[in-house]
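The values are calculated or read from the model by the stated rules, or taken from the named source; none is laboratory data. Treat the numbers as computed from the prediction; the structure is a model and nothing was measured. Just so you know, the surface numbers come from the protein's heavy atoms only, side chains and all, with ligands and any DNA or RNA stripped out. Shrake-Rupley method; radii C 1.70, N 1.55, O 1.52, S 1.80 Å.
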Amino acid sequence: MFLQLFQHFFCFFLHVGEAGSFRKPLKKEEEQACFEAMAAGDRSAREKLILHNMRLVAHIIKKYGMPQPEQEELISIGTIGLVKAVDSFDCSKGARFATYASRCIENEILMFLRKATQYRGEVSIDEPLNIDWDGNEPVSYTHLTLPTI
């Protein structure tokens, strides 16, 4: 499973165009043909659907307004949602794939963000306890003497 996800992320970075742009979305007929080929066992059709819908992932993560390192992480998480959408979409129900995929991508991102906020207050054993976030050591009050009244 991990190897398969890694292949998709690697595949994503290889298929971003020369100018840094994503591939154009598929036309409805092309999309339908890909889903039919995928149902027949064609793995390249699945990859084509994923690659041509990466623009949707990038569009969805923009609304979260994160800095660049977090955006890259959200693209990875959104790609997982896209892969799940491609694998679970039923084109016979008449829904548009982009609508279905956008919900799957958003759900995956929201689950990730909820999990991240759940562990925000926890301290790792790798973090030093004697310095604050700015790298300053806290003031020690043990050597101070209080005045007597």
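Quick rundown of the values:
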| item | result |
| --- | --- |
| Gain upon complete extension [GLU29, MET66; 0.36 nm per residue less C-alpha separation] | 9.8 nm |
| Stretchable slack from GLN118 to LYS84, in nm (0.36 nm times residue separation minus alpha-carbon distance) | 9.9 nm |
| Sulfur and carbon atoms: percent of accessible area, segment 49-117 [1.4 Å] | 55 percent |
